[in-house]
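K.L.:
Sending over a structure as structure tokens; questions will come in a sec.
Read-outs: derived from the displayed coordinates by stated rules, not from any lab. Remember, predicted model here, so these are calculated numbers, not experimental data. Note that each Cβ is placed from the backbone with ideal geometry, even for glycine, and that neighbours are counted across all protein chains shown.
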């Protein structure tokens, strides 16, 4: 028997399985060269003692392994004498179908649609527009549900609370209004405090406080304010930036990150509003921030299974578990995109110096977004391209070219396999991460596309723009 | 109108009439009705002129009233909702409208076709031929006058070899030949000593361009590889145009400004 096996003359390779952060899994072992990704997947599942068979992708020196080891080794002429380290990355269990058709074009707004957001459970859709109204849309019948009037000027940003119970919108007049999404009525008077327009709103994660009470808003007047929805007033004012604050994010560790036009990013703690760190490095305005755990913070306790929770405590528990699983042992990572055509990858809890500088864009970077599993970062720039970077090291992976106008916003599908981008040239494009190519082109808008969002359950995509209609796309 | 001071004198001596102020007040009150009656009754050109004056007064009064009605306490932000809503990330940026971009590209294409380039010195003094060339008399009796010597600075290039002396019509003296130019970058305001690659255009004529004459206003191409400029595509720029800004034959050096 043994003689026969030897005579089969299959070479063996010494392999070591490594996870994306660098910790090894199991001892190095001899594997025959006809082993492919499926067998490696079985092995990883066994070594991790997973009950369900979770899908994994494998990378050898940043290149994905799709063929059996033998052909890979031959193509790349890797020596069999050294230990080959194979990095495995867990993939989402569910697979999102790519959207390819516009299922509905809903008119309703009388001015350009400026922002679009799905609720964390994916059941409701809200949009803010230049006609000073916020509209809630019914997804099952694809018609308008409520029109929320109350703002005095354009509605620039909207944000859902992670438990889905509140919707908050900020306008160009500097006022913030809180709405009840089930009735479409305002929850009270507008919250006044900012002197110039609101550039961004971010809620406190549900695993830090449930039910959701506090959110932070950033404004052109240079400060960020923390508001309490139940007290209906501003609790803390974070001032320190000298120019407009362009983006604000509430991190999972209970700190707030603000990026500003004065080229700095400030990290604040939330109980007193004190400045913890200042991250300097950019040469021009900071346009956009992205956190590695952002998607989990946004969706809170909801995930692709669509389970509803009754009590706030339960939600907090589930959200905390999801957050811990997502974060792992690594510190939270922050990516900032700027007008100086570059992006920085920071680990703010570790050091105030950037970890990596991501250069390559030829025009300003407008929007950066981490994938839901935190493995990739995508950046949209005015140079008509979308670039994909490794989410852990910050190394450049691929550039997606296809748009003919500046790319304004991007959005990931919930399984991190598809990336959606909306641009000034009125098209949306879906890019496949595995093949690094264009998957689907979604033309149809009559004018620039200002806002795109993919629902957390992966079923629908909503987009709005200058042509005043909201388009829903389905697979 | 009184032609003297007798009225004032009487007032100073005996004071005002007992009903003077009341009568004055009432007369002024009646003025309004009188004016109105006149406005309604006046005919012809007189009426028209009066109506015009009255209208001007009315408009002025309305303006002053509106000004007074404006509250002194300013509101925090503008109340009116403007058209053309843009999202927050586009608010501080002024984007050129599509129409402007298209018209700009068309204008640029037209200019390129016409051969008009934007240069720092658009007009230069024309140089006459007798100023540019000196007639050289040759021959045994020095009667032949077909040779010319260039009196201005020239650029010939490294691979230049003279034509046989018997047949060359234009003589470019080696003392007036220059290879390098002191070129200033207009924005950085620093000057570099760069090699001349060639003469692109001499505004005085195509003959001078082909001879390589460097006068004020000539467009030359200089070697900028040592500046380390890179195009957006990633290629290294090694030649750029510059315009000569001095009279090299007077100064002994070629000065220019880079055309960026």
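K.L.:
For every helix of n ≥ 4 consecutive DSSP H residues, a contribution of -39,500 (n - 2.57) applies; sum these over chain B, divide by its total residues, and give [θ] at 222 nm rounded to the nearest 500 deg cm²/dmol.
P.N.:
On the way: 7 runs with 88 residues, N = 260.
So the calculated ellipticity at 222 nm is -10500 deg cm²/dmol.
K.L.:
Moving to a separate point now. Counting only the backbone N, which residues of the stretch B:122-136 are under 18 Å from the spot 7 Å out from the Cα of residue B:207 toward its beta-carbon?
P.N.:
Under cut-off, by backbone N: B:126-136.
K.L.:
Still on this structure: How crowded by other chains is A:238-247, given as the mean number of beta carbons from other chains within 10 Å of each beta carbon? Don't skip to the end; give the middle numbers.
P.N.:
Values: counts 0, 0, 0, 0, 0, 1, 3, 0, 4, 2.
If you average over the peptide's residues, the count of other-chain Cβ atoms is 1.
K.L.:
Would you work out the relative contact order for chain A, in percent, from Cα pairs under 8 angstrom that are 6 or more residues apart? Don't skip to the end; give the middle numbers.
P.N.:
Working: 1326 pairs, mean separation 57.6, N = 475.
It comes to 12 percent, rounded to a whole number.
K.L.:
Right, another one. Starting from the Cα gyration tensor of the stretch A:101-474, take the square roots of the eigenvalues, sort them a ≥ b ≥ c, and report rounded, prolate or oblate (rounded when a/c is under 1.5, otherwise prolate if a/b is larger than b/c, else oblate). Present the calculation step by step, with values, prior to reporting the outcome.
P.N.:
On the way: a/c = 1.25, a/b = 1.02, b/c = 1.22.
Judged from the Cα gyration tensor, the stretch A:101-474 comes out rounded (a/c under 1.5).
K.L.:
Give me the angle, in degrees from 0 to 90, between the Cα long axis of helix A:312-327 and the longest principal axis of the Cα atoms of chain A, rounded to the nearest 10.
P.N.:
The angle comes out at about 50 degrees.
K.L.:
Per-residue ellipticity at 222 nm for chain A, helices alone: DSSP H runs ≥ 4 residues times -39500 (n - 2.57), over residue total, nearest 500 deg cm²/dmol?
P.N.:
Details: 5 runs with 47 residues, N = 475.
-3000 deg cm²/dmol, from helical runs alone.
K.L.:
Oh, and also: Average partner chain C-beta neighbours within 10 Å, per residue of A:277-284?
P.N.:
Numbers: counts 0, 0, 0, 0, 0, 0, 0, 0.
The mean count of partner-chain Cβ atoms within 10 Å per residue comes to 0.
K.L.:
For chain B, what is the percent of antiparallel DSSP beta bridges, rounded to the nearest 5?
P.N.:
On the way: 25 of 31 bridges.
So the antiparallel bridges amount to about 80 percent of the total.
K.L.:
So for the stretch A:328-475, averaging the separation of alpha carbon pairs under 8 Å that are six or more residues apart and normalising by length, what relative contact order in percent results?
P.N.:
Working: 397 pairs, mean separation 19.1, N = 148.
13 percent.
K.L.:
Sorted by mean Cβ packing within 10 Å, highest first, what order do the peptides A:215-221, A:464-470, A:232-238 take? It would help to have the intermediate numbers written out before the result.
P.N.:
On the way: A:215-221: 24.7, A:464-470: 23.1, A:232-238: 15.6.
The peptides rank, most packed first, as A:215-221, A:464-470, A:232-238.
K.L.:
Okay, moving on. Quick check: pseudo-label points 7 Å beyond the Cα along Cα→Cβ at residue B:39 and residue A:85, how many nm apart are they?
P.N.:
9.4
K.L.:
Run the numbers on the stretch A:46-151 and let me know its relative contact order in percent, using alpha-carbon pairs under 8 Å that are six or more apart.
P.N.:
Working: 122 pairs, mean separation 17.9, N = 106.
Over the stretch A:46-151, the number comes to 17 percent.
K.L.:
With a Förster radius of 41 Å, plug the Cβ-Cβ distance of residue B:92 and residue A:105 into 1/(1 + (r/R0)^6) and report the FRET value to the nearest 0.05.
P.N.:
Working: r = 31 Å, r/R0 = 0.75.
FRET efficiency, residue B:92 to residue A:105: 0.85.
K.L.:
Related question: Give me the angle, in degrees from 0 to 90, between the Cα long axis of helix A:37-47 and the longest principal axis of the Cα atoms of chain A, rounded to the nearest 10.
P.N.:
Long axis of A:37-47 versus the principal axis of chain A: about 80 degrees.
K.L.:
Just rank A:52, B:5, fewest to most, by other beta-carbon atoms within 10 angstrom.
P.N.:
Numbers: A:52 7, B:5 10.
Ascending number of Cβ neighbours within 10 Å: A:52, B:5.
K.L.:
Starting from the 7 Å offset along Cα-to-Cβ, what nm value, one decimal, do you get for the label separation of residue B:52 and residue B:137?
P.N.:
Label at residue B:52, label at residue B:137, 8.0 nm between them.
K.L.:
Pick out which of B:229, B:43, B:121 has the largest mean-square fluctuation in a Gaussian network model of chain B, springs linking Cα atoms closer than 10 Å.
P.N.:
B:43
K.L.:
Let me ask something else about it. Arrange the peptides A:104-112, A:341-349 so that the one whose residues have, on average, the most other Cβ atoms within 10 Å appears first.
P.N.:
A:341-349, A:104-112
K.L.:
Quickly work out the residue A:314-to-residue A:66 label distance, labels modelled 7 Å from Cα along the C-beta direction, and quote it in nm with one decimal.
P.N.:
It works out to 4.3 nm between the two label points.
K.L.:
Determine the shielding of peptide A:171-179 by partner chains: average, over its residues, the number of Cβ atoms on other chains within 10 angstrom of each Cβ. Walk me through the intermediate numbers first.
P.N.:
Numbers: counts 2, 8, 6, 2, 2, 0, 0, 0, 0.
Mean shielding count: 2.
K.L.:
Between the helical axis of B:44-69 and the dominant principal axis of chain B, each derived from Cα atoms, what acute angle in degrees is found, rounded to the nearest 10?
P.N.:
80
K.L.:
Sticking with this one: Only bridges with both residues in the protein assembly as shown count here: give the DSSP antiparallel percent, nearest 5.
P.N.:
On the way: 153 of 163 bridges.
Taking every DSSP beta bridge with both residues in the protein assembly as shown, the antiparallel ones total about 95 percent.
K.L.:
Listed highest first by mean packing, meaning other Cβ atoms within 10 Å per residue, what order do B:80-87, A:147-154 come in?
P.N.:
A:147-154, B:80-87
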